[in-house]
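A quick write-up on the structure given underneath.
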Amino acid sequence: MVLTDTHTHLYASEFGEDRDATLKRAIDSGVNRLFLPNIDSSSVSGMLELVKKFPQNCFPMMGLHPCSVKENYETELSSVEKWLGGQEVRFYAVGEIGLDLYWDVTFFAQQKQAFRKQIELALQYRLPIVIHVRKAFSETIEIVSEYKGRGLNGIFHCFSGSLEEAKQIVSLGGFKLGIGGVVTFKNGGLNEVIPHIALEHLVLETDSPYLSPVPYRGKRNESGYLAIIAKKVGELKNCSMEEVAEQTTKNSIDIFGV
């Protein structure tokens, strides 16, 4: 059984004391493929060090997180563009990018500009996008819909919305829902969504070190907990965890091309 964590920040400081051991636990639990989203220029070196050390398991993305869109966002975008256009590293997606109205609305106009710019880069380099969206679903769908029919694809990371929102994402064509620890939360709401969305539209993720599944909720998350998420999705879809692992890994291959 091969599980794929399509979104983990394993390079983060929270893993500074036991990063290698954390990755080993993940591999031992069947999670052999880990996709690493970038945040901004400060996270690149740590991410690439991890990729260099574990090239068979860790696959990097390149992007500017909406919460990192500040006064210097154009400089940050130039860095993203330089990395994507370079020959040193293969990136498997433009991410994580998107819109966030939860933490700070000061630079929301700039967030939208950065989002569109990075979508254009994804189209230029024929890469999928990995979308962060929080408290800005309608605005995000509006922007992504502008590119419908141009071959844009990717993942709506950390999906925790309604069935109607899930159907809107599916209707875009080429996009998957990233399902993480929220699926195990008693009042997370995904128990009302997952049964009605085909496995072909789902990928699994942890977003570690954040959003740990039950029974680890409130503690540091790690990719090894992905099996808990897969098991819960299987229960909601009335199928085996192995079937969930096989289909969601296939879906990740369709998105990332590896």
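The values are calculated or read from the model by the stated rules, or taken from the named source; none is laboratory data. Note that the structure is predicted; figures quoted are calculated from it, not measured. Here Cβ is always computed from backbone atoms with ideal geometry, including for glycine, and neighbour counts include all displayed protein chains.
Please tell me if L211 is part of a loop (DSSP other than H, G, I, E, B) and either modelled with pLDDT of 95 or more or among the aromatic types (F, W, Y) (or both).
Taking the combined requirement at face value, the residue satisfies it.
Would you mention how many residues in the stretch 89-138 are surrounded by 15 or more Cβ atoms within 10 Å (Cβ to Cβ), of a type in the set (V, I, T) and farther than 19 Å from V44 by Cα?
Within the stretch 89-138, residues that are surrounded by 15 or more Cβ atoms within 10 Å (Cβ to Cβ), of a type in the set (V, I, T) and farther than 19 Å from V44 by Cα number 2.
Whether any residue in the stretch 189-202 is part of a loop (DSSP other than H, G, I, E, B), among the hydrophobic types (A, V, I, L, M, F, W, C) and surrounded by 20 or more Cβ atoms within 10 Å (Cβ to Cβ) is what I want to check.
Looking for residues that are part of a loop (DSSP other than H, G, I, E, B), among the hydrophobic types (A, V, I, L, M, F, W, C) and surrounded by 20 or more Cβ atoms within 10 Å (Cβ to Cβ), one finds at least one in the stretch 189-202, hence yes.
Does Y225 satisfy being under 19 Å from V31 (Cα atoms), out of contact with any helix residue (DSSP H, G or I) (no Cβ under 6 Å at 6 or more places or on another chain), among the hydroxyl-bearing types (S, T, Y) and part of a loop (DSSP other than H, G, I, E, B)?
No: the conditions fail for Y225.
When you scan the stretch 91-110, do you find a residue that is among the hydroxyl-bearing types (S, T, Y), closer than 28 Å to L23 by Cα, modelled with pLDDT of 95 or more and in contact with a helix residue (DSSP H, G or I) (Cβ under 6 Å, 6 or more places away or on another chain), even just one?
Looking through the stretch 91-110, at least one residue is among the hydroxyl-bearing types (S, T, Y), closer than 28 Å to L23 by Cα, modelled with pLDDT of 95 or more and in contact with a helix residue (DSSP H, G or I) (Cβ under 6 Å, 6 or more places away or on another chain).
So for the stretch 24-36 (the condition being of a type in the set (G, A, S), more than 25 Å from I228 (Cβ to Cβ) and surrounded by fewer than 20 Cβ atoms within 10 Å (Cβ to Cβ)), does at least one residue qualify?
Among the residues of the stretch 24-36, not one is of a type in the set (G, A, S), more than 25 Å from I228 (Cβ to Cβ) and surrounded by fewer than 20 Cβ atoms within 10 Å (Cβ to Cβ), which makes the answer no.
Tally the residues that are surrounded by fewer than 17 Cβ atoms within 10 Å (Cβ to Cβ) and of a type in the set (V, I, T), restricting the search to the stretch 66-88.
Qualifying residue count, the stretch 66-88: 1.
Going through V233, V182, V214 one at a time, which residue ends up being over 15 Å from the mean Cα position of the chain (by Cα) and either under 19 Å from V133 (Cβ atoms) or surrounded by 21 or more Cβ atoms within 10 Å (Cβ to Cβ) (or both)?
Result of the check over V233, V182, V214: V233.
Looking at this structure, is I229 among the hydrophobic types (A, V, I, L, M, F, W, C) and farther than 17 Å from L163 by Cα?
yes
Just to confirm my filter: which strands (runs of 3 or more DSSP E) fall fully inside the stretch 1-100 and include at least 1 residues that are under 15 Å from the mean Cα position of the chain (by Cα) and hydroxyl-bearing (S, T, Y)?
3-5
Select, from L77, L50, L23, L34, the only residue that is farther than 30 Å from E242 by Cα and modelled with pLDDT of 95 or more.
L77
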